[in-house]
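First up is the structure itself, then whatever we jot down about it.
The values are calculated or read from the model by the stated rules, or taken from the named source; none is laboratory data. None of these values were measured; they are calculated from a predicted model. Neighbour counts are summed over all protein chains in view; Cβ atoms, including those assigned to glycine, are modelled from backbone coordinates with ideal geometry.
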């Protein structure tokens with residue numbers, strides 16, 4: 001777990017440390033390699049990558065949902081669709097020709113290929 005050095009996160013870290021040190025949680029956390037870390041102090045640029053992804057997620061959610069009130073299932077569906085779109089962004093050159101090979105995306109290591117097929121988009 002990576003956190004900012006904001007006051008609320010530092011305060012929560014004390015409570016989290018108590019949970020992490022519980023004997024019944026130790027084997028689970030160790031098996032999943034869970035570790036708590038904070039970004040370097042006075043380095044606001046450090047979390048830029050995930051801050052940008054959070055901004056993209058929030059912007060997409062605002063555009064899709066607007067001011068509508070939705071239930072939990074609908075919100076989860078919207079979030080999953082936005083996640084699929086963000087993970088389908090190409091990491092390499094993307095050709096405009098559909099017959100060329102697919103560009104490498106973040107979804108390739110996760111799912112073995114693209115989530116959204118470009119051949120289905122019209």
Report summary line: Considering residues that are part of a loop (DSSP other than H, G, I, E, B), closer than 22 Å to residue 54 by Cβ and at pLDDT 75 or above, the number found within segment 82-122 is 4
**Report entry** Residue check for residue 94: without any contact (Cβ under 8 Å) to a residue 12 or more places away in the chain, surrounded by 10 or more Cβ atoms within 10 Å (Cβ to Cβ) and over 30 Å from residue 114 (Cβ atoms)
**Finding:** no
Report summary line: Among residues of segment 97-108 being farther than 20 Å from residue 56 by Cα and touching a helix residue (DSSP H, G or I) at 6+ places or on another chain (Cβ under 8 Å), the residue surrounded by the most Cβ atoms within 10 Å (Cβ to Cβ) is 102
Query raised in the report: When you look at residue 78, is it under 16 Å from the mean Cα position of the chain (by Cα), surrounded by 10 or more Cβ atoms within 10 Å (Cβ to Cβ) and either over 16 Å from residue 106 (Cα atoms) or modelled with pLDDT of 90 or more (or both), yes or no?
Result: yes
Query raised in the report: Which residue, of 61, 29, is in a helix (DSSP H, G or I), more than 16 Å from the chain's Cα centre (by Cα) and on the phi < 0 side of the Ramachandran plot?
Result: 29
**Report entry** Residue satisfying condition, being modelled with pLDDT under 75 and within 30 Å of residue 6 (Cβ to Cβ), within set 67, 42
**Finding:** 42
**Report entry** Residue list for segment 32-51, filter: in a loop (DSSP other than H, G, I, E, B), in contact with a strand residue (DSSP E or B) (Cβ under 8 Å, 6 or more places away or on another chain) and farther than 28 Å from residue 78 by Cβ
**Finding:** 36, 39
Query raised in the report: Given the structure, is residue 54 in contact (Cβ under 8 Å) with a residue 12 or more places away in the chain, surrounded by 10 or more Cβ atoms within 10 Å (Cβ to Cβ), under 18 Å from the mean Cα position of the chain (by Cα) and in a helix (DSSP H, G or I)?
Result: no
